Each structure stands twice: as structure tokens, then as C-alpha cells.
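Shown next, in C-alpha cells, is the structure this report addresses.
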Amino acid sequence: MSWRERGEIALMSAPALILFLGFVIFPVITAAYYGFFKWKGYGPPIDFVWFENYRIILTDPAFLDTLRHNAFILVFSLVMQGPLAILVALLLNKKMRGRSIVRVLIFVPYVISEVIVGIGWSLMLQSGGALDETLRNMGLDWLIRDWLADPSIAIWTLMIIITWKYLGFAVIIMLAGLQGIPEELAEAAAVDGASYWQTQWRITLPLLGPTIRIWAFLSIIGSLQLFDLVYIIWGQYISSTAGTSTMATYMALTGRLSGNYGYGNAVAVVIFFISLTVALIYQRFVLRRDTEGALTGGN
Amino acid sequence: MKRAIRSVKALSVAVVACLGVAACSPATSDPAQTGSPGAPQATEMTFWHNATTGDGKAFWDNLVSEFEASHPGVTIRAQAVQNEDFDGKLQTALNSPDAPDVFMQRGGLKMHDMVDAGLLRDVSGAVTDTQREELGQGAIEAMTYQDKVWAMPDTILPGGIWYSQDLFDKAGITEAPKTMDDLFAAIDKLKAAGITPIALGAKDAWPAAHWYYWLALRECSPETLDATIEARKFEDQCWTKAGESLEKLVAAKPFQDGLLTTPAQQGAGSSAGLLANHKAAMELMGAWNAGVIKDLTPNKEPLADLSWFPFPEIPGSKGAPGAVMGGMGGYSCSADAPEQLCFEFLQTIVKADSQIAYYKAFSVPPLNSKAKEAVTEPFNIAIMDGLANASFVSDWLDTRLGQNVGNALNTAVVDLLAGKGDAQHLIDSVNAAAAKE
């Protein structure tokens with residue numbers, strides 16, 4: 001490689017590299033630094049406490065609750081959205097009237113801002129809100145619950161809102177994956193006498209594998225970092241009571257809102273490592289097949 | 001209450017102040033106020049308040065321009081910072097060289113943190129005999145830490161129970177409850193009349209926690225209260241007793257449906273909105289509530305039958321009879337603020353005529369005793385009388401405990417209301433939170 005080429009590479013990659021170092025790596029390092037202090041945010045941090053913040057985080061029942069909630073959201077996002085998205089994508093992949101309209105409609109919730117989604121759903125679901133009134137008018141009074149605040153229901157309410165919100169994204173990705181599967185394969189299977197469902201199960205689904213795995217990866221990361229919907233619907237304080245608190249809302253409550261900036265930074269570091277570990281494990285064991293061959297050597 | 005106090009603060013103060021140059025002349029002979037010898041006379045100050053809109057903003061603009069008119073060559077750069085952003089921005093600014101010279105101070109543990117980090121100027125020199133006399137020793141003491149005054153207090157807004165006289169009449173309640181037993185009797189009567197007895201904005205946590213604070217104020221002696229807050233260990237039995245009283249109240253089911261998702265002040269569905277629209281009979285809230293309710297009535301007019309009574313007593317308990325709890329607020333100078341100019345500005349904020357205008361605009365009781373004669377509403381007079389006769393006045397417990405423990409306490413009370421914890425859980429949560437700082 002000539003100096004000229006090296007210079008070009010340096011010039012082209014420098015802006016991205018500087019942004020990445022400045023806005024990703026540097027904050028991570030400073031968070032790790034502040035995480036070692038008890039610090040109320042006024043003046044420089046001086047009370048160095050080693051791993052005391054981490055010890056408290058990992059033994060705090062409220063944090064362990066958020067881990068359970070995040071795990072629940074992670075698993076049920078995959079279970080609820082995955083199959084549904086594949087079915088909808090299969091349907092929308094067929095030629096039919098109004099297909100593009102339906103595609104747009106399914107994608108709309110994903111485009112709406114989380115704030116609007118959160119406020120809209122919380123207004124509909126509050127006690128005496130639109131849902132309760134609808135049920136009452138249908139004579140289904142016995143179904144009425146405190147959808148948002150009853151700890152045995154609230155997390156399911158959250159799952160339904162999440163599914164509504166993010167299903168469109170999964171469908172679009174699945175559709176894109178389906179476009180990449182050659183039609184000839186389905187035609188060949190039909191010639192061999194395979195039914196529609198046999199074709200989907202034995203040909204489409206396996207070939208859709210890489211797409212599903214990438215979608216699942218994005219969904220997992222999103223589930224681990226879920227913050228906005230919970231924060232908007234349940235506010236700053238009651239998500240742990242309702243059983244919908246996540247690691248990120250815990251960080252906001254115990255860090256910024258409580259004025260424990262050192263502690264909040266330590267929570268951020270814990271979330272970072274949990275997300276990183278999950279991502280690396282997923283890359284190593286699930287995505288590896290898909291990325292093999294995708295990278296080329298420097299020459 | 002923090003939020004609420006902030007919004008009132010927003011409105012607070014000032015105003016028509018300084019209508020004449022003479023009225024504004026700073027003049028004081030206190031030596032502490034003359035500034036560092038040899039320092040050049042400062043001509044510019046930055047000032048942060050949280051009144052971003054409407055009357056509040058206009059009042060501050062007015063106060064600032066009058067102050068400038070009485071101080072030729074002086075420029076005050078006032079900035080209205082959105083209330084919810086205020087603390088975050090202030091914290092960043094205080095850590096930088098661009099700290100505002102004068103800013104709104106919420107007091108409590110947070111103020112102690114600022115003092116410990118050396119970010120505030122000692123304003124003891126601005127508090128002369130005039131201020132001590134007019135504002136009251138208790139208010140000054142609330143802003144005192146390590147024997148120095150760190151903020152000029154401009155408001156104390158105590159809590160109490162707001163109620164609709166019409167709904168009380170409808171339920172056949174002839175007299176405002178004086179004891180907790182009276183309150184329980186009133187709850188029964190209201191329920192029998194098909195009226196929701198109490199509105200509660202538990203989504204914001206602090207309005208729920210206020211019920212616990214008040215019960216603790218009634219159950220615990222002032223000494224125990226102060227000692228517990230100092231040590232931040234809830235060991236005395238009175239704290240558990242207050243929790244049990246709260247459990248008893250919850251068991252009577254006095255609150256509206258869906259209380260956990262009800263906010264305190266935003267919209268007709270909020271707890272203040274329920275009272276404003278006669279959907280509930282009572283609300284436990286601070287002295288700013290009349291103004292909040294006014295904005296939430298159908299015609300945006302003051303609620304005609306709005307009345308007020310002090311938090312009920314618990315006969316035979318250890319609490320000081322008539323003890324009052326409320327939010328205190330004031331204004332601080334940052335460490336590098338020009339001393340003399342800043343002191344004069346603080347004094348202007350709490351002058352009698354500033355405080356009268358403050359009261360007239362927002363119908364909350366003024367702190368300055370000379371401004372109190374202007375007050376006409378029966379509930380505001382009742383609030384001021386309660387404050388004047390109180391043998392013990394405490395700031396909100398979550399302010400005194402600091403955000404960290406305060407938040408934990410607030411959320412634990414919400415848990416109790418939701419049936420997710422008992423009185424003991426409340427105490428455990430607070431003790432656990434104390435470990436985080």
C-alpha cells in the first residue's frame with residue numbers, strides 16, 4: 001500500500017473515527033471513571049469508593065427486578081413479534097389488491113415518535129379511558145382491569161404496546177428478506193407437489209434465516225435498552241411499582257433523579273457490559289454463519 | 001411537591017417591585033455588604049428563574065427592569081429556564097465558569113451539597129434585621145447551614161387539605177375534620193353520597209408521599225423527626241406507626257380509581273383537575289393549589305367553593321399539635337457573583353411591595369409579614385394563621401432527606417398504596433437508599 005493510499009484511508013476515515021471516539025468511546029470511559037465515585041454532581045468527584053457502587057447495584061432488589069423485566073421483554077418481544085411478523089410478511093409478499101397500502105399502514109406505528117405512542121396508549125388505557133368505555137358499552141364490564149397500574153397485568157400491556165409499535169419494523173425487514181429468495185425455488189417445489197405451507201416451512205423459512213437472525217439481534221438490543229415507552233407511560237416514579245421498570249429507567253431514577261451521579265454512571269456501565277456480553281455471545285454463536293465471508297482481507 | 005413548588009416559585013416574587021428609585025435603593029450599612037475592598041464595581045449579573053411564560057415571566061422582566069432603572073449602568077441578564085430542566089442545567093452551569101450569579105434555590109440537602117462543593121456565596125450579609133423581622137426567623141433558618149445563610153427565602157408554602165364545600169354539604173358534612181377519626185367519618189359520608197372522597201396524583205409519587213409525611217409529622221415528636229433526618233435511619237417506632245396509619249387510610253379506599261396513573265397537576269384528569277371539576281371532594285396539597293385548580297376549572301376561573309383545613313390531628317400522639325410542613329424556597333448567589341449587587345438584588349426580591357404583587361398575581365400567601373395585610377381569601381388567611389401559630393415548622397421530608405432518600409421514600413409509599421409493600425417495606429427502602437450516596 002502506497003503512502004498515498006494510506007493518506008486517503010486516513011483522510012476518509014478520520015471524521016467517522018473522531019466522532020466515534022469522541023461520542024462513543026470517550027463517554028464510556030468517563031462513565032467508568034465516575035462510576036468509581038460517590039458523587040452528587042456538584043464540584044469534582046473526590047469520594048473514591050472502588051467497586052462499592054457496583055456492589056450495591058448488583059444486590060439491590062430493585063435492580064434485580066429490572067433485570068427480570070428486561071429478560072421478560074427480550075424473550076416475549078422475540079416470541080410475539082417474530083412469528084407474527086413472518087406471517088404478515090408472507091401475506092404481504094403475495095400479489096393482492098391494496099398491498100402497498102397495507103404495507104404502509106403496518107409500518108406507520110414504527111415511524112410515530114415514542115412520546116406520542118406512549119401518551120396515546122396511556123390515555124386509552126387509563127382507568128375509565130377509551131378501552132374501559134368500549135368494553136363497558138359492549139357489556140364486557142367483567143374484563144375491565146387497571147391495565148397500566150395492576151402489577152400482574154402492566155408488563156403484558158407493555159408487551160402489547162411494544163408489539164404494536166415495532167411489528168412494522170420486523171415486517172419490513174422480513175419482506176426485504178423474502179424479496180431476496182428466488183421465486184424459482186417455490187416453483188420447483190410446486191412442480192414436485194409441495195403444498196404452500198410445506199414450501200414456506202422447508203424453503204422460505206430456512207432461506208429467511210439470516211434475516212430473522214439479524215432482526216432478532218436488533219430486537220434483543222432494543223429490549224435491553226428499552227427506556228422511552230416505559231418512562232412516558234409510567235412516568236418517573238411508578239414503573240417499579242407497576243412491574244415495568246427497566247435497567248434504563250432504573251438508571252434515570254437512581255442516578256439523575258436522585259442526584260447520585262456516580263451511582264448512575266456505574267449503572268450505565270453495568271448496562272453497557274450486559275448489552276455488550278449479550279451482543280458478543282449472539283455474534284459468536286448465532287450470527288457467525290451469516291457474517292462469514294462477508295468480510296474481505298485488506299488485499 | 002418539588003415540581004409544584006417550582007412552578008409556584010416560577011411565579012413567585014417580585015413584580016411591581018421598585019416602582020420608584022427610592023424604593024429600590026439598596027442602601028444598607030451592613031459592612032458585610034459593601035463588597036471586597038478595591039474590587040471594581042460590577043455592572044452585570046446573570047439571573048436564572050423558572051417562569052418561562054405568562055404572568056410569571058412578565059413579573060420577573062418587570063422586577064429586573066426596575067432594578068436596572070434604580071441602578072444606572074447595571075445590566076441584569078435574566079434567563080427563564082424551563083422548570084424540569086432547571087436543576088440539570090444549573091448543575092452543569094455551577095460546575096463551569098459560567099454559573100448564573102443569582103438563581104432560584106430549593107433549599108434542603110441539595111443546597112447543602114452546593115455549599116459543600118464551594119459553589120455558593122455566603123449571603124448572611126444580605127440578611128439584615130429588616131429581613132429577619134419581615135421574613136421570619138424560621139424561614140431564614142431553613143436557608144442556614146453551618147451557621148451561614150446561603151439563600152434569601154422568599155416563600156413558604158405549607159400543605160393542607162383542600163376541599164369542595166359544595167360536595168361536603170352534599171354529603172352532610174357540617175364541620176371540617178379536625179382529627180383523623182373525623183376524616184374517616186367524612187370519608188364514609190362522602191362514599192355513602194357517591195362522591196370520591198380524596199383525589200391523589202400518585203403517578204408523581206410525592207403527592208402520595210405527602211400523606212405519609214403528614215402522618216409522620218403527627219406521630220413523631222419534632223426532636224425525633226430532626227434526629228431521624230440527621231441520621232437518615234428510620235428506627236423510631238413513630239415511623240412505623242405513621243406507615244400503619246397510612247395502611248389504615250388505604251384500607252378505607254378513599255382515593256379515586258386508577259390513582260397510580262393519575263398525575264398531580266396536568267390536565268382535567270389530574271388530582272387537582274378532579275377537585276377543580278367536582279369529581280372528588282378533597283386533595284392534600286401545598287398552598288399553591290388554588291392557582292393550579294384555577295387553571296383546571298372549566299372556565300379557568302377560581303373554584304368558588306374551594307376551602308381548606310389543616311391536616312387532621314392524631315390525639316394522644318407524640319407530634320407537636322398544629323405542626324406544619326411546607327415547601328420553602330429562595331434565591332442564592334453563586335460563589336463568584338458580585339457581592340454587593342447580588343445582595344441588593346436578593347433584598348429587592350423580598351421587599352414588602354414585591355411580595356404584595358407576588359401574592360396578588362398568584363394568590364399564594366406571601367412570606368413577608370408586611371405583605372400579609374393584603375391577603376383576603378379565607379383559605380390563605382387560614383394557611384397564614386396556621387403557620388404563625390405553629391410550634392414546629394418542617395420543610396417537606398423528601399427535601400430534607402435529599403433527592404436520593406426522598407425518592408426512595410416516595411416510591412415506597414406508592415408501593416404501599418398499590419398493595420406491594422407494608423409499613424416495614426417503607427422503612428427498609430429508605431434505609432437501603434441511604435447506602436447509595
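The values are calculated or read from the model by the stated rules, or taken from the named source; none is laboratory data. In this text the structure is predicted, and so the values were computed from the model without any measurement. Glycine gets a Cβ as well: all are built from the backbone with ideal geometry, and neighbour counts include every protein chain shown. Each accessible area value is taken on the protein alone, full model and side chains, heavy atoms only, with ligands, DNA and RNA left out. Shrake-Rupley method; radii C 1.70, N 1.55, O 1.52, S 1.80 Å.
List of remarks:
- Given charges at Cβ of Lys, Arg, Asp, Glu: chain B dipole, positive-most of B:Met114, B:Gly273, B:Ser307: B:Gly273
- Whether region B:107-168 is rounded, prolate or oblate, judged on the alpha carbon gyration tensor where a/c under 1.5 counts as rounded: oblate
- Antiparallel DSSP beta bridges within the protein assembly as shown, percent to nearest 5: 60
- Spatially near lysine pairs across region B:320-437, Cα under 22 Å, sequence gap of 8 or more or different chains: 5
- Taking θ as phi - 60° and the Karplus parameters 6.51, -1.76 and 1.60, the scalar couplings of region A:227-241 work out to 9, 4, 4, 5, 5, 7, 6, 9, x, 7, 10, 9, 5, 6, 5 Hz in sequence order, x denoting glycine and proline.
- Note: relative contact order over chain B, using C-alpha pairs below 8 Å and six or more positions apart, is 25 percent.
- Carbon and sulfur %, accessible surface of region A:72-126 computed with the full protein complex present, 1.4 Å: 76
- With a cut-off of 12 Å on the backbone N, no residue of region A:228-269 is near the modelled label site 7 Å out from A:Ala71 along Cα-Cβ.
- Each label point was placed 7 Å from the Cα along the Cα-to-Cβ direction; for A:Met80 and A:Val286 their separation is 1.8 nm.
- Counted as membrane-span-like here are DSSP H helices of chain A whose alpha-carbon atoms extend 20 Å or more along the helix's own axis and whose Kyte-Doolittle mean is 1.6 or above; these are A:154-179, A:261-282.
- Relative contact order (%) - criterion: Cα under 8 Å, at least six apart; region: region B:257-321: 20
- Heavy atoms of B:Lys360 accessible to a 1.4 Å probe, total area in Å² rounded to 10: 140
- Region A:191-256: C-alpha gyration tensor shape, a/c 1.5 cut-off, then a/b vs b/c: prolate
- Ranked order, B:Tyr145, A:Tyr42, A:Tyr196 - accessible area, probe 1.4 Å, largest first: A:Tyr196, B:Tyr145, A:Tyr42
- Shape of chain B, Cα gyration tensor, a/c cut at 1.5: prolate
- A 1.4 Å probe run over the protein chains yields, for region A:154-263, 40 Å² of accessible area per residue, whole-number rounding.
- The distance linking region A:81-147 with region B:46-125 is 46 Å (Cα centroid to Cα centroid, whole angstrom).
- Under 5 Å between amide hydrogens, built in the peptide plane, is the criterion, and for B:Trp308 it picks out B:Tyr163 among residues at least 5 positions away or on other chains.
- Lys pairs, region B:153-265 - Cα-Cα below 24 angstrom, 8 or more residues apart or on other chains: 19
- Using a simple spin-label model with pseudo-atoms 7 Å out from Cα toward Cβ, A:Val28 and B:Glu68 lie 4.9 nm apart.
- Interface residues, region B:260-278 - accessible area loss of 30 Å² or more versus chain alone, probe 1.4 Å: B:Leu260, B:Thr261
- Share of carbon and sulfur in the accessible heavy-atom surface of region A:170-236 [1.4 Å probe, %]: 64
- Most positive-pole-ward Cα, B:Ala434, B:Gln424, A:Ala216, against dipole of the protein assembly as shown from beta carbon charges: A:Ala216
- Size of the A/B contact, given as accessible area buried on both chains, probe 1.4 Å, in Å²: 2600
- Occluded residues from region A:231-247, i.e. those whose accessible area drops by 30 Å² or more once the chain is not alone (1.4 Å probe): A:Tyr237, A:Ile238, A:Thr241
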